[in-house]
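Asker: I'd like to ask some things about the structure below.
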Ligand code: HEM
């Protein structure tokens, strides 16, 4: 596209990696080197407001300056996601949805994420965290050592998946069962989708379908779907049946008595599900989608929305909690300060979690240095002005959150150090509103951000009030790779010791 080539010339940045030989060249690098190539390129052009990056024939423009980032994220001409989101194969879900359907669905789904609903999930967050601690105790008891090397990410992954499944399907945490194969399948799928994002040869669907990677994708997708489709189907039938029975039962109770409702619950083995008051704090995401949509959503849309919540919610929460624990294991003084704050909590609820202001600063500092989502992508829907330039329609824009969060001109000479005090209100007030964006911003920001903060805080309060974590790793030793989510290359087991 000549317009695009001419336009790209106005922006500094490296030329294309030739298509075949070299996207291979990029891919043959170790994963962390691939991340570094982009990282170094951005650092080199950091002073530029924008940087051009050709990957094969595909042009990406990194938007670097907070002013311009604000312009992009708040513009209604730019709420379309970049083409790479198609690789998720959840086109109808909120994360990847096209503009027209997204506007309507987002408005509707906001109700599922209202504060009252999220508050009612806290007991599930607590139960899931307790299950995690039981599993940790089992590991510690099995080895009989005072201090043990633990794969904390595995623990937080199981815990976060339990939370997301229970709150999506309206069950209690103890009713959620899955084996490690599911975790493995999700992990592999994320790797494959990330590989496609890096490899232009795999962008073209018919060509991609001839590769071995596609067959691997199919295998892992089938494994996830087999599990989730089954749960989804059962819950749907169950909710609809329960709702019908309750509707007729509730008419009867006008004349008889309320115990009939309880009998129906018992007969059906219902736990934690009150379908007659789905807008109450006890409603789950699936209740809301099925019962409140009045045929608003097709089966495919319900499927994609639920899968999107699981995909967007589980690994992000697991990673960010793990990253926070790792940073606290590196800096045990800060860990002690957190401990001093959380031992005051006698009962975990919305009010007590909201009062944990130091813990919140620590989580935000972990999101700054190690943002679970390191990159977000958009596409211009119309010709639009960004800074001094007029962008044609159809340009892919990227915002590198990892890099933005480490800029020395914003965060100071000590930008690479872990210092939660950066999030003291007086320090926040001095910075640009768009210099810290772990949940993105604007119209397509994260719909689950309140859920995520409360879930992460609950896991950390539970974990850190019983255990102390340490490690020999240093922050400067860490190297990274970017799947869709940020990963650490080191084996990041931490030493866990009972308090
Ligand atoms: C630490 C945890 C989390 C982080 C760091 C995070 C981060 C983000 C970011 C950066 C985006 C914007 C993505 C983009 O523009 O491409 C996003 C969108 C989204 N997130 Fe989260 N997220 C987290 C947890 C959650 C949870 C728990 C849920 C649901 C239960 C969730 C559901 C979503 C959805 C549905 C979107 C798409 C919103 C839209 O386009 O309207 N996220 N998240």
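Asker: So for each of 388-398, 212-222 I average, over its residues, the number of other beta carbons within 10 Å; can you give me the resulting order with the highest mean first? Intermediate results must be reported in sequence, preceding the final value.
Answerer: Details: 388-398: 16.6, 212-222: 14.5.
Ranked by mean Cβ neighbours within 10 Å, highest first: 388-398, 212-222.
Asker: Further question: Measuring from label point to label point, each 7 Å out along Cα→Cβ, what is the residue 204 to residue 219 span in nm?
Answerer: 2.7
Asker: I need 137, 301 ordered by Cβ neighbour count within 10 Å, fewest first.
Answerer: 137, 301
Asker: Continuing with this model, one more query. What is the ratio of the Cα radius of gyration of region 54-118 to 2.2 N^0.38 Å, where N is its residue count, to two decimals?
Answerer: 1.38
Asker: How would you rank 171, 134, going from fewest to most other Cβ atoms within 10 Å of each one's own Cβ?
Answerer: Final ranking by Cβ density, sparse to dense: 134, 171.
Asker: Based on the Cα coordinates of region 338-428, what is the per residue volume of their convex hull in Å³?
Answerer: Normalising the Cα hull of region 338-428 by residue number yields 153 Å³.
Asker: Quick one: 75, 357, fewest Cβ neighbours within 10 Å first, how do they rank?
Answerer: With the sparsest Cβ surroundings first, the list reads 357, 75.
Asker: If you don't mind, another one. How far is helix 299-330 tilted, in degrees, relative to the longest principal axis of the Cα atoms in the chain, given as a value from 0 to 90 rounded to the nearest 10?
Answerer: Long axis of 299-330 versus the principal axis of the chain: about 70 degrees.
Asker: Tell me the mean residue ellipticity at 222 nm calculated for the chain from its helices only (DSSP H runs of n ≥ 4, each -39500 (n - 2.57), averaged over every residue, nearest 500). Write out the running numbers ahead of the final one.
Answerer: Details: 21 runs with 272 residues, N = 499.
Result for the chain: -17500 deg cm²/dmol, rounded to the nearest 500.
Asker: Sticking with this structure for a sec: Using only Cα atoms, what Kirkwood radius does region 94-140 have, in angstroms?
Answerer: Hydrodynamic radius (Kirkwood, Cα only) of region 94-140 equals 13.4 Å.
Asker: May I have the convex hull volume per residue, in Å³, for the Cα set of region 94-179?
Answerer: Output value, Cα hull per residue: 126 Å³.
Asker: Can I ask one more? Mind checking the full-extension length gain between residue 241 and residue 465? Use 0.36 nm per residue of separation minus the Cα-Cα distance, one decimal, nm. Don't jump to the answer; show the numbers that get you there.
Answerer: Details: separation 224, 0.36 × 224 = 80.64 nm, distance 4.26 nm.
Extending this stretch completely gives an extra 76.4 nm.
Asker: Tell me, in nm to one decimal, what length is gained between residue 354 and residue 187 on full extension, where the rule is 0.36 nm per residue of separation less the Cα-Cα distance?
Answerer: Working: separation 167, 0.36 × 167 = 60.12 nm, distance 3.17 nm.
Difference between extended and current length: 56.9 nm.
Asker: With bins 20 Å wide starting at 0, give me the P(r) of the chain over every alpha carbon pair, in whole percents.
Answerer: The calculated distribution, bin by bin, is 21, 55, 22, 2.
Asker: From the gyration tensor of the Cα coordinates in region 388-486, what semi-axes in whole Å does the equivalent ellipsoid have, largest first, with each one equal to sqrt(5λ)?
Answerer: So the three semi-axes of region 388-486 are 29, 19, 17 Å.
Asker: Mind listing the Cα extents of region 320-474 along all three principal axes, in Å, largest one first?
Answerer: Computed over the Cα atoms, the extents are 55, 34, 29 Å.
FYI, it's all coordinate maths here, none of it is from the lab. Everything quoted here is computed from the prediction, not taken from an experiment. FYI the Cβ positions are ideal-geometry reconstructions off the backbone, even for glycines, and counts take in every protein chain you see.
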